[in-house]
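The numbers here are math on the coordinates, done by the rules we state, and not lab data. Since the structure is predicted, the reported quantities are computational estimates derived from the model, not experimental observations. Counting neighbours? That spans all protein chains shown, and the Cβs are built from the backbone with ideal geometry, glycine included.
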Amino acid sequence: DMMTPYEKLKSLSNAESFLKPGVSFDRLDEIARRCSDNEAARRLNQAKAQLFQLINKSRQRAA
């Protein structure tokens with residue numbers, strides 16, 4: 001069976017112990033339902049691009 005990393009985490013017997021305090025699987029499930037896989041990938045790529053731009057600006061200033 002294929003699983004996403006999130007599904008694998010949820011399948012662990014002690015999965016709750018890996019969550020930060022105040023974070024629950026109910027809340028994470030709610031977030032997951034609000035966003036399609038494609039939308040999540042788009043947001044991730046957008047965040048990566050912003051991060052790389054920030055890194056490149058920092059490197060240019062340091063040079």
Quiz item: Of the residues that sit in region 15-63 and are over 15 Å from T4 (Cβ atoms) and of a type in the set (V, I, T), which one is farthest from the chain's Cα centre (by Cα)?
Solution: I55
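Residues checked against (1) touching a His at 6+ places or on another chain (Cβ under 7 Å); (2) of a type in the set (D, E); (3) surrounded by 10 or more Cβ atoms within 10 Å (Cβ to Cβ); (4) not in a helix (DSSP H, G or I):
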| site | (1), (2), (3), (4) |
| --- | --- |
| D1 | no, yes, no, yes |
| K8 | no, no, yes, no |
| K20 | no, no, no, yes |
| R27 | no, no, yes, no |
| R33 | no, no, no, no |
| A47 | no, no, yes, no |
